[in-house]
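Notes follow once the structure below has been shown.
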């Protein structure tokens with residue numbers, strides 16, 4: 001980045017108007033604050049979602065919890081401690097059986113509506129702000145509050161230039177997303193076997209493993225960051241319960257009917273693989289929206305798909321202690337026998353993988369792909385954690401207890417809900433009894449606890465005014481009689497003091 005610092009640039013919109021709720025269908029009951037984000041660092045977004053914000057495309061919104069009809073609580077799962085429940089195991093076995101024998105299970109999806117599109121909430125028309133034109137002011141006596149401020153030049157362009165291309169990414173060891181096609185099951189040890197010794201392995205199996213690994217290397221050189229995981233060399237010999245990985249890697253016969261492959265492609269800036277598969281991915285989205293959300297054929301347009309699930313304010317970032325694929329916005333594509341059948345839209349952030357959306361081909365609804373993809377994303381989070389120790393949570397978006405269809409997210413345990421007043425995480429088991437009694441609840445039981453990052457000094461909030469970066473106190477003196485202090489104060493209280501001092505609030 002040649003010494004230039006990346007900034008988040010946002011425009012803030014209040015939250016006075018109610019709009020239609022996608023959960024209870026109340027025409028004017030949904031209230032949220034919103035921001036249009038021209039560009040955003042992954043650390044700023046991590047801090048914002050830890051204060052109850054969430055993105056839809058480049059629009060970032062925060063429900064007004066004590067006012068909205070269906071309060072939406074941020075939920076995270078402890079990926080490393082996660083153990084699949086009985087119903088999760090059933091879904092994984094159902095997928096394994098389908099890949100193995102080729103039969104789609106009867107019946108409809110027994111599963112999970114994803115979060116509805118937050119189109120009604122905005123986004124409003126943003127101003128045209130070009131980061132390339134942003135210049136810092138000369139430091140004068142009037143601007144003593146300003147910290148030393150580096151020039152912001154071509155932020156987005158430089159990030160795009162610095163991000164590795166698909167071929168560069170593939171030259172590194174990729175993040176392995178296990179393929180569901182595995183080798184034949186190892187026989188159970190007989191009574192006379194010595195359990196302390198590894199079981200004998202047939203030459204045929206060893207040859208097969210080498211062949212799979214060669215295939216993997218060949219795929220990696222094609223620039224797709226994924227795919228086939230090495231075959232487990234020893235079966236689970238302890239009495240420990242089978243892990244999530246054991247179920248996903250469940251052994252399959254050589255003549256399995258199907259091959260399922262999961263590919264991770266960067267969506268912003270779009271990688272060559274993302275561009276090449278864009279139309280196929282969009283066609284699946286269109287079918288999904290029409291079948292599952294009953295959209296009319298003209299609503300899931302290509303531009304709406306681009307705006308909602310491909311555009312992202314998050315910059316591609318790489319750090320020495322981060323995951324090899326980097327941080328930012330990605331699509332996880334599920335390829336069945338060479339065609340896309342589902343796509344999980346995710347953000348990789350400093351401490352979590354954040355689920356944005358999931359859509360799938362309606363023909364495969366009975367495979368419970370909503371739950372299956374969440375289980376795969378938890379597995380993926382665990383893999384990233386091996387490269388980046390602090391990245392250990394899986395964020396499922398919002399938990400909505402007042403909408404029974406959306407309670408399924410609470411089944412991924414152990415999980416926490418975010419207290420809407422103090423922004424501390426509270427185990428979901430302690431929150432549910434409160435939510436049974438009231439839609440809106442403060443989860444933190446300490447009556448004296450407050451928001452640790454509460455806004456203390458709005459004057460130190462950074463603003464972007466006439467292509468110059470300055471503290472709000474300086475801006476207010478320049479614009480004598482400016483009438484926006486209440487709005488900026490509200491914005492600052494919602495993002496917190498730390499973010500207010502880093503994020504650039506666009507002022508006209």
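Nothing in this text is a laboratory measurement; each read-out follows from the coordinates by a stated rule. These figures come from a predicted structure and were not determined experimentally. Here the Cβ is made from the backbone with ideal geometry for all residues, glycine too, and neighbour counts use every protein chain on show.
Miscellaneous remarks
- Kirkwood Rh (inverse of mean 1/r, distinct Cα pairs), segment 440-508, angstrom: 13.0
- One quarter of the convex hull surface built on the alpha carbon atoms of segment 279-417 amounts to 9.5 nm², the projected area averaged over directions.
- Here 384, 505 are placed in order of increasing Cβ neighbour count within 10 Å, fewest first, which gives 384, 505.
- Computed over segment 61-103, Cα set: Rg, Dmax in Å: 17.8, 51
- Largest-first principal axis extents of the Cα set of segment 1-108 (Å): 52, 49, 26
- With the simple spin-label model, which puts each label point 7 Å out from Cα in the Cβ direction, the residue 294 to residue 438 separation comes to 3.4 nm.
- Fewest-first sequence of 69, 499 by Cβ atoms within 10 Å of each Cβ: 69, 499
- Cβ-Cβ FRET estimate between residue 319 and residue 457, R0 fixed at 30 Å, reported to 0.05: 0.50
- Between segment 4-81 and segment 91-106, the Cα center-to-center distance that results, in Å: 37
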